[in-house]
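These notes concern the structure reproduced below.
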Amino acid sequence: MQEVFNKYINYLEAERNASPYTVRNYTTDLLDFFQFLKANGIDSLKEVDRHTLRDYLSHLMEKGFVKASIARKLSAIRSFYRYLLREEIISTSPVATTSSPKLDKRLPSFLTPEEMRRLLEAPDLSTAQGLRDSALLELLYASGL
């Protein structure tokens, strides 16, 4: 598995031109996944099935990972298995039928009336830039943006 993993990381860097942060996150996420496989007696990527993936996702939830982090880890695994299919290392992907957790939708934050009043009064009206800033803030406030 280590050799295939190293080739995949090289593929991300060279062919996909992935950012260093993507490579770092995928490396961390995949090594965590491999550690889980090893702890559960799975020695080959061909042994991984959708039940194994479900167990891994449950394991992450038990460890307290938020849904967004679990979705990112699953995305790294999904990308890795697409690579394995493309390179014909495996013939079917266990990730194809595994869906990502539904992410919570957050409500947008907004300014209180007091904060909005202070923002509108912030520009220095004795300068040209202050007058410009005030006009822009008034325009944005009036348009509801």
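Screening Thr52, Thr27 for residues that are out of contact with any Lys or Arg (no Cβ under 6 Å at 6 or more places or on another chain), farther than 20 Å from Thr97 by Cα and among the β-branched types (Val, Ile, Thr) leaves exactly one candidate, Thr27.
Go through region 90-132 and report how many residues are touching a residue at least 24 places away in the same chain (Cβ under 8 Å) and under 30 Å from Glu47 (Cβ atoms). The number of residues fulfilling the criteria is 9. Residues that are farther than 30 Å from Asn6 by Cβ number at least 3 in the following helices (runs of 4 or more DSSP H) confined to region 51-145: 113-121, 128-143. Only residues that are in a helix (DSSP H, G or I) and among the acidic types (Asp, Glu) were counted in region 2-50, giving 5.
Quick note: the coordinates plus some simple rules give every number you see, no bench work behind them. Computed from a prediction, not measured in an experiment: that's the story for all the values here. Positions of Cβ are generated from backbone atoms using ideal geometry, with glycine treated the same way; all protein chains shown enter the neighbour counts.
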